[in-house]
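Read through the structure below, which is laid out as structure tokens, and then see the notes.
The values are calculated or read from the model by the stated rules, or taken from the named source; none is laboratory data. Predicted, not measured: the structure shown is a model, and the values here were computed from it. Don't worry about glycine lacking a Cβ; one is built from the backbone with ideal geometry, like all the others, and counts go over all protein chains shown. Just so you know, the surface numbers come from the protein's heavy atoms only, side chains and all, with ligands and any DNA or RNA stripped out. Shrake-Rupley method; radii C 1.70, N 1.55, O 1.52, S 1.80 Å.
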Amino acid sequence: MIVRSYHEAKDTERRVDSEGWHSVRLLLKDDGMGFSFHITTIHKGSELKMHYTNHVECVYCISGDGSIENLATGDIFEIRPGVMYALDQHDDHLLRANTEMITACIFNPPVTGREVHDENGAYPLAEKPASSVEP
Ligand code: 9YT
């Protein structure tokens with residue numbers, strides 16, 4: 001069993017800061033769960049373009065409000081406490097925070113710890129999937 005406190009983890013290297021957000025990663029690849037689990041705070045007024053081409057992610061809004069735009073379709077959804085979105089199609093998206101927004105996020109495959117977005121708004125894969133290994 002793994003038990004961790006956000007309040008303790010937030011002052012360790014589990015906290016990652018980047019432009020417009022910070023995140024406390026409570027479960028990582030090394031924990032062997034098959035997913036990672038993060039409490040991510042989006043700073044007020046941030047507009048984050050993200051495109052997780054290597055991961056699927058779901059996000060649950062705990063507090064704050066904003067919106068998510070699906071950049072493939074132009075659809076915009078309001079985000080407020082109790083709303084979940086799942087990027088099941090590796091959806092290219094824009095997240096806007098009207099206020100500070102606190103979210104719980106799950107990534108599959110799990111992140112390893114220090115990832116921040118690359119120029120395309122993606123995180124690299126920790127390792128290539130078995131199907132892409134060259135003979
Ligand atoms: C809500 C959101 O954008 N989540 C992304 C995950 C977060 N940036 C992290 O922990 O890397």
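Brief remarks on what is shown
- Failed item, numbered, when L71 is tested on (1) of a type in the set (A, V, I, L, M); (2) under 16 Å from W21 (Cα atoms); (3) at pLDDT 95 or above: (2)
- Check on R114, surrounded by fewer than 13 Cβ atoms within 10 Å (Cβ to Cβ) and either within 11 Å of the ligand (Cβ to nearest atom) or in a strand (DSSP E or B) (or both): yes
- For A72, the conditions (1) within 13 Å of the ligand (Cβ to nearest atom); (2) outside any strand (DSSP E or B) are fulfilled apart from (1).
- A single member of A97, A104 is surrounded by fewer than 17 Cβ atoms within 10 Å (Cβ to Cβ), within 11 Å of the ligand (Cβ to nearest atom), closer than 19 Å to E19 by Cα and of a type in the set (G, A, S), and it is A104.
- Tally, over region 21-61, of residues that are small (G, A, S), in contact with a strand residue (DSSP E or B) (Cβ under 9 Å, 6 or more places away or on another chain) and free of Cβ contacts under 8 Å to residues at least 60 places away in the same chain: 2
- Matching residues, region 22-63, being basic (K, R), within 11 Å of the ligand (Cβ to nearest atom) and farther than 20 Å from I76 by Cβ: R25
- Among the residues of region 111-123, the ones that are modelled with pLDDT of 75 or more, more than 25 Å from S67 (Cα to Cα) and not small (G, A, S) come to 1 in all.
- Test result for F77, aromatic (F, W, Y) and exposed (fewer than 14 other Cβ atoms within 10 Å of the Cβ): yes
- Residue tally, condition in a loop (DSSP other than H, G, I, E, B), open to solvent by less than 50 Å² (accessible area, probe 1.4 Å) and polar (S, T, N, Q), over region 9-53: 1
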